[in-house]
Amino acid sequence: GVVENELVILVENNLIALQKFNHREKNRNVEEVKQKLNKIIGLDSVKEYVLKLEDTMTTRKLREEAGLKTASISMNMIFSGNPGTGKTTIARLVSEFLAALGILSKGQFVEVSRGDLVGEHVGETAKKTTEKVNSALGGVLFIDEAYALNRDKNDTFGLEAIDTLVK
């Protein structure tokens, strides 16, 4: 409805003004990322999911500001597919999109692989993994070829990295 030339919605008997959400500086950045995403050929279901994040996060923010309950959202994502299918490209765009939406406090994209997380000596892996996780706080940690962390049950260094990530 419209109240005093202001767009509002009614949620659980509360009127919430939408005007303050429409004049964000970040809208320009959001549109730029959307254009980059739409230029990618294929991956329609992935693009649809990413674009729905904007609606989900806007709704969540509206509910928070109105003092209503919000469900916690896990932002863990797995990008799987054959080499060359755009997994890293999409991960970078998701990171940009989340930063443009204001969901990420810093917005950096930290890309790591097994070598960045696993140490050569006992005790070194947890330290290296923790440092990489800490460097990504407020942004996105992208673990390229994460399956390489668990080569087999005797790979204690890879398992230590996984345990540290889970923790």
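The values are calculated or read from the model by the stated rules, or taken from the named source; none is laboratory data. Here the structure is a predicted model, which is why all the values come from computation and not from measurement. Cβ coordinates were reconstructed from backbone atoms using ideal geometry, including for glycine residues, and neighbour counts include every protein chain displayed. Accessible surface is based on the protein model in full, side chains and every heavy atom, while ligands, DNA and RNA are left aside. Shrake-Rupley method; radii C 1.70, N 1.55, O 1.52, S 1.80 Å.
When the Cα centres of the range 110-142 and the range 30-64 are compared, how far apart do they sit, in Å?
When both Cα centres are located, 28 Å separates them.
Calculate, in nm to one decimal, what Lys106 and Tyr147 gain on full extension: separation in residues at 0.36 nm each, minus their alpha carbon distance.
In short, 12.0 nm is gained.
What's the ranking of 155-161, 44-50 by average number of surrounding C-beta atoms within 10 Å, highest first?
Going by the mean number of other Cβ atoms within 10 Å, highest first, we get 155-161, 44-50.
If ligands, DNA and RNA are left out, what is the accessible area of Arg92 with a 1.4 Å probe, given in Å² to the nearest 10?
Accessible surface of Arg92 is approximately 110 Å².
So if each residue of separation counts as 0.36 nm, and I subtract the Cα-Cα distance between Thr156 and Leu51, what length gain in nm does that give?
Length difference between fully extended and current span is 33.9 nm.
Taking the Cα centre as origin and putting +1 on Lys and Arg beta-carbons and -1 on Asp and Glu beta-carbons, what dipole magnitude results for the range 106-167, to the nearest 20 debye?
The dipole magnitude comes to about 220 debye.
Taking Lys61 as the anchor, which lysines have their alpha carbon closer than 17 Å to its alpha carbon, excluding any fewer than eight residues away along the same chain?
Lys20, Lys26, Lys52, Lys69
In 5 Å bins starting at 0, how do the alpha-carbon pair distances of the range 60-154 split up by percent?
Going out from 0 Å in 5 Å bins, the range 60-154 shows 3, 11, 17, 20, 17, 14, 9, 6, 3, 1, 0 percent.
Obtain the nm distance between the two label points defined at Gln35 and Glu120 by a simple spin-label model: each point lies 7 Å from its Cα along the Cα-to-C-beta direction.
Roughly 4.7 nm, to one decimal.
Please report the carbon-and-sulfur percent of the accessible area for the range 94-149; probe 1.4 Å, protein heavy atoms only, DNA, RNA and ligands left out.
53 percent
Leaving out ligands and nucleic acids, note down the accessible area per residue over the range 115-166 with a 1.4 angstrom probe, in whole Å².
Solvent-accessible surface per residue comes out at 62 Å².
Could you go through the range 36-49 in sequence order and give the Karplus-derived ³J(HN,Hα) for each residue, using 6.51 cos²θ - 1.76 cosθ + 1.60 with θ = phi - 60°, rounded to whole Hz, and x for Gly and Pro?
For the range 36-49, the Karplus-derived couplings read 4, 5, 5, 6, 6, 7, x, 6, 4, 5, 5, 4, 4, 4 Hz, x marking Gly and Pro.
Label Asn134 and Leu165 with points 7 Å out from Cα along Cα→Cβ: what is the distance between them in nm?
Rounded to a tenth, the inter-label distance reads 2.0 nm.
Of the options Gly86, Asn76, His121, report the single residue whose Cα projects farthest towards the positive end of the charge dipole of the range 59-129 (beta-carbon charges: Lys, Arg +1; Asp, Glu -1).
Asn76
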